[in-house]
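The block underneath contains the structure these notes are about, expressed in structure tokens.
The values are calculated or read from the model by the stated rules, or taken from the named source; none is laboratory data. Quick caveat, the model's predicted, so the values are computed rather than measured. Backbone-built Cβ (ideal geometry, glycine too); neighbour counts: all protein chains shown. SASA here: full protein model, heavy atoms, side chains in, ligands and nucleic acids out. Shrake-Rupley method; radii C 1.70, N 1.55, O 1.52, S 1.80 Å.
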Amino acid sequence: MIRLEGLEKVYPAARGQAAHLALKGIDLTIGRGEIFGIIGRSGAGKSTLIRTINRLEKVTGGRVLVDGVDIAGLSNAELTAFRRRVGMVFQHFNLLSSRTVFGNVALPLELAKTPKAEIAARVAPMLELVGLSDKRDRYPAELSGGQKQRVGIARALVAEPMVLLCDEVTSALDPETTQQILDLLRDINRRLDLTMVVITHEMSVVRDLCDKVAVIDDGGIVEQGNVFDVFVRPEHPTTQALIAGEIEAALPKSLHRIIHGAPQKDGENPVVKVVFTGPNAYEPIISQLSRVAGIDFNILAGQVDYIQNRPFGILFVEAKGGLAEAERAIAFIQSRNLSAEIIGYVDPDTVPAG
Ligand code: ADP
Ligand code: MG
């Protein structure tokens, strides 16, 4: 559906600022019906990249092909028609405050000179789809953030786009509303088989929404693949750092405080982080570890997430023995193609009971 070939973008020098190479030879292929995530830190080039797909940003090198068409060659009239078929949703919603919910969603159709009766007939099912039928005559100021974003989504869909571009669409929302918007986007993707490009700096958005992911760092793609594979075996340091943030979140704050980077006195036990993928949760792993290493393991914390319906677990265990036993356990885990590492040391007397 979308092919980016050797994309380069140079922002020219201006007002004392040097020229800036924002995209450095990006190659990406996004399949029809896919939800494709592009993740990176602030300033990595995400917004620049997504804006090249509807030519809001002109590239200075390479090609953008959408549905087989090189969009650099479109005339002005063709570009207008093309942009109608590429919906975009924004972080800050970009609604018109003087228009009602209905008026905002109707706007793209009005601009395309669609007859009034047809507009009414097309807006209603969009409001239904995003769950806002009862808010049709409200103004943006009367809506919550999540409701505003639903209006933004309905407005992007009303012209029946072939692609939906989402730039940080949940970054201004609280976690619960974020989850609802991600569920809505997934649902829309399934129902309409709509190709989506999702830009985010949050790994959890990729985990909960996307099929595929590419990691952008300093204007270049450093890693890409299926979301599950990238989560379970991140290869590039940037990806590892982004995922580490997610995994950190799995370790309760009370444990953070008692785990030291290096042993602070004799008798501290290694803490091992085990990342595993498989339907059988902790018990089999722990009992196998005890057998192999000849010591007991105490579960400190753990959680199982589901990514693309496959379980992905993280377990923090205290090895009730020395470094040699902990390392034997780690070697065993790695031999099973799972990942394990020592993340610190804990004084057994400070570990909460239970
Ligand atoms: P992201 O969305 O990942 O935070 P952007 O694509 O917005 O990153 O920006 C990438 C880089 O390009 C940044 O260094 C930014 O300062 C620069 N940049 C973005 N827009 C412009 C512009 N219009 N003119 C000059 N530099 C820009
Ligand atoms: Mg951005």
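Quick look at the numbers
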read-out: Degrees, to the nearest 10: 101-111 long Cα axis against longest axis of the chain; value: 60
read-out: Tilt relative to the chain, helix 282-293 - C-alpha long axis, 0 to 90 degrees, to 10; value: 40
read-out: Whole-Å distance, taken between Cα centres, linking region 156-179 and region 280-340; value: 38
read-out: Longest to shortest principal axis, alpha-carbon extents of region 2-243, angstrom; value: 50, 42, 38
read-out: Theoretical ellipticity at 222 nm over the chain - DSSP helices of four or more residues, -39500 (n - 2.57) apiece, nearest 500; value: -11000 deg cm²/dmol
read-out: Among 302-312, 185-195, the order from most to least packed when residues are scored by Cβ within 10 Å on average; value: 185-195, 302-312
read-out: With Cα atoms, 0 to 90° folded angle of helix 237-248 axis to the chain main axis; value: 70
read-out: Accessible surface of region 1-125, 1.4 Å probe, proportion on carbon and sulfur as whole %; value: 53
read-out: Cα centroid separation - region 191-222 against region 1-32, whole Å; value: 17
read-out: HIS260 - accessible surface, heavy atoms, 1.4 Å probe, Å² rounded to 10; value: 40
read-out: Partners for LYS320 among aspartates and glutamates (Cα-Cα distance below 20 Å; same-chain residues under 8 apart left out); value: ASP266, GLU268, GLU283, ASP296, GLU341, ASP347, ASP349
read-out: Whole-percent carbon and sulfur share, accessible surface of region 215-354, 1.4 Å; value: 48
read-out: Added length on full extension, which subtracts the Cα-Cα distance from 0.36 nm per residue, ARG257 to LEU56; value: 67.6 nm
read-out: Region 2-243, accessible area per residue, ligands and nucleic acids excluded (1.4 Å, Å²); value: 45
